[in-house]
Structure formats: C-alpha cells, structure tokens
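Everything on this sheet refers to the single structure shown next.
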Amino acid sequence: IIGYIMRKDLISILDLDKTDIFRIFKTAFQLKEKQKKGVRHFLLEGKTLGMIFHKPSTRTRVSFEAGMYQLGGYALFLSSSELQLRRGETIADTARTLSRYLDGIMIRTYEHQDVQELAAHSSVPVINGLTDREHPCQVLADTFTIMEKKKLALDEELSSLREMKVAYVGDGNNVAHSWIHMAARTGLTLSISSPDEYRVSQEVLKEVGEFRVSVFLTPSPREAVRGADVIYTDVWASMGKEEEKRERLKVFGAYQVNRELLSFAPKDCLVMHCLPAHRGEEITNDVMDGEWSVVFDQAENRLHVQKAIMLLLMGRDTR
Ligand code: CP
Ligand code: NVA
C-alpha cells in the first residue's frame, strides 16, 4: 500500500486531491495486473462492506461485491426496502448502528445530502455508489480506462491527463458532474454539449470555479467532439427521471452518438458510456459495438478501481 486516501469518505471526486487519485490509479494498475496473473492477496481479510441500494444496479453492485470477495472480505447487500430506513429510522441512527458492525458502507441513492448525512454520522468510510448529483467511482474508473487505452504515463502530477480532451455529449447529469470535478482535479479538457434545458448544474460549475478549469459548454455536439480524445455519453433519462422520458426524447435527438458525429472527431477517438445504454437512443449499435468503443473495459475497470478505493479507505486499522 502506497499511502491511504486522506479523507474518511469518498462522496465526491472533490474529496480527493491529485495524490489520492494517483494512489488509486497506481493501486488499481497493480491489483489488475496481479489478478490477471492469478495472484491472490487478501488485504481486507475479515472486513465487511455494507451496500445500501435505493436504486437498481448491475455493475456497481457486482463489482463492489466481487471486489470485496477478491480482497478477502465480505460484502452485504442491503436493499433499502428491507431496512428500517423505509419505516422511518433516521439516516443518522442507521449510520451509527451500521458503523458498529461494518468496516465500510457503500450507498446508491437519490439525494446527495443523504450520503453526506450518512457519512457525517458513521465512524467507518462511506463510498458514494451514485446519487442524482454525482457518480465518482464511475468517472474514476473511466479516467483510469483512458490512461490505459491511450497508454498514458502515470506520475504524481497526473500530467499526461492535461493533454486529454473529453467530449461529453448528452444529459448534464450525475456522470457529467463528476467529469467536471475530474477536470478540476486533473486539468483535463472537458467539452460538454447538452440541450439548453438539460445543461449541467450551475452549482457544480461554481464549485470548480476557483480552479483554473478547462470546462467548455457548447450546444453543438459537432463542436464538442472536434479534436476530442474521448467521446462520452450516458442515457437521456437517468434513474428517477423515467417519467420525463417522452419529453426528453423530443430534444435529445441531435445529441445521439452515431457514425455521423464520429466523422467530426479524430479517427483514434475512444467512445465511452458508463452503461446501462439505451441502444438506438443516446448511442447507436454500430458505434457501441464498433472499434472506437471501450464500454466493457470501463465496466471491467470499475472492479479494479473500486478494489483500490476500498483498500485505500478501509485498509487502515481503525479498530
Ligand atoms: N454504470 C453503473 O453504475 O452501472 P449500474 O447502474 O449497473 O451499477
Ligand atoms: N446517469 C445514469 C447513470 C447510471 C449508471 C443514472 O443516474 O441513471
């Protein structure tokens, strides 16, 4: 272990500094390499992660659970509908109780403040597994994937990322917000193209205002992808926004990631999507299955990067 993460929790990419991100990536590269060679080590032996889900999940749930198992620990799936939370027990009391049993808590929910409250009242690390506002673990795994695919050198300054341009096309949602945070932390260039009504939050933009960030907003997807190393997209209606789907479909058509849009980007541009995808909406089949696409590498890297995160947050002896 090359040093732990400074803060107790990982609720936002803004909780991390450059050194933390460097440590996560370095550890993830090592863990991935070891796993590919079949080397096992049980660095979290005897530790338990509780995973609270208020929304569905395939990748997050399975990668955290498998990752914990691979590190010698145990992961407990806690569906919110089966917890006393549903019957009105407070988040604070839930946090106080779970802290007595567990070594870490991962939570996926709606309100970002709920995760902050859980963390404020728990003595063990809390990891954000997606809120309406942010999806930090996703964008950490995605940035790691870019480094891997573009064969970028990893130094403590993360200087190679400053050469990268990511074009985010589509809904200004939780994933887009975490990209803004990543741009602030690493200096990568981010160009975001969304319909006017679905732009990223002003509050998130203000949060990074103090950094000299290269975040550009443009209504034109073609302009966004010009010179991009990566084109990134996500669903047009996130979890919890399903009832707006019909309305959204009317304005998002021009934001589809398809072959035509790719013709405005460099030939070696990567196409990324956090998944699950709505094929034929935000991304076409041929692009998602084409040679640009690294979507399943991203999905795989959730495992390696989250193992690193858990190790660097929960590996400390706190008891
Ligand atoms: N990308 C992602 O978080 O996927 P799940 O919703 O399947 O966890
Ligand atoms: N923006 C999507 C991401 C899913 C992983 C959602 O919140 O549903």
Go through the range 300-316 and give me each residue that's within 15 Å of Tyr74 (Cα to Cα) and either in contact with a Pro (Cβ under 8 Å, 6 or more places away or on another chain) or β-branched (Val, Ile, Thr) (or both). Met314
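For Ser81, indicate whether it is free of Cβ contacts under 8 Å to residues at least 60 places away in the same chain, farther than 24 Å from Leu14 by Cα, in a helix (DSSP H, G or I) and of a type in the set (Gly, Ala, Ser).
Working: free of Cβ contacts under 8 Å to residues at least 60 places away in the same chain: yes; farther than 24 Å from Leu14 by Cα: yes; in a helix (DSSP H, G or I): yes; of a type in the set (Gly, Ala, Ser): yes.
Considered against the rule, which asks whether it is free of Cβ contacts under 8 Å to residues at least 60 places away in the same chain, farther than 24 Å from Leu14 by Cα, in a helix (DSSP H, G or I) and of a type in the set (Gly, Ala, Ser), Ser81 comes out as yes.
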What tally of residues in the range 141-167 results from selecting those that are surrounded by 21 or more Cβ atoms within 10 Å (Cβ to Cβ), away from ligand 1 (no atom under 12 Å from the Cβ) and in a helix (DSSP H, G or I)? 5
Any idea how many residues of the range 93-147 are within 19 Å of Ala75 (Cβ to Cβ), within 16 Å of ligand 2 (Cβ to nearest atom) and of a type in the set (A, V, I, L, M)? 7
Using beta carbons and a limit of 9 Å, which pairs, at least six apart or on different chains, have the first residue in the range 227-253 and away from ligand 2 (no atom under 12 Å from the Cβ) and the second one open to solvent by 10 Å² or more (accessible area, probe 1.4 Å) and of a type in the set (Lys, Arg)? Gly227/Lys165; Ala228/Lys165; Asp229/Lys150; Asp229/Lys165; Val230/Lys149; Val230/Lys150; Val230/Lys165; Arg248/Lys241
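Out of the range 100-125, which residues are assigned to a loop (DSSP other than H, G, I, E, B) and either among the basic types (Lys, Arg) or crowded, with 18+ Cβ neighbours inside 10 Å (or both)? Show your work before the answer.
Going through the range 100-125, the residues assigned to a loop (DSSP other than H, G, I, E, B) turn out to be 102-103, 109-111, 122-125.
Hits for the range 100-125 are Leu102, Asp103, Thr109, Ser122, Val124, Pro125.
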Exactly one of (1) touching a helix residue (DSSP H, G or I) at 6+ places or on another chain (Cβ under 7 Å); (2) in a loop (DSSP other than H, G, I, E, B); (3) within 16 Å of ligand 2 (Cβ to nearest atom) is unmet by Lys55. Its number? (1)
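The values are calculated or read from the model by the stated rules, or taken from the named source; none is laboratory data. Here the structure is a predicted model, which means the values were calculated and not measured. Neighbour counts are summed over all protein chains in view; Cβ atoms, including those assigned to glycine, are modelled from backbone coordinates with ideal geometry. Accessible surface is based on the protein model in full, side chains and every heavy atom, while ligands, DNA and RNA are left aside. Shrake-Rupley method; radii C 1.70, N 1.55, O 1.52, S 1.80 Å.
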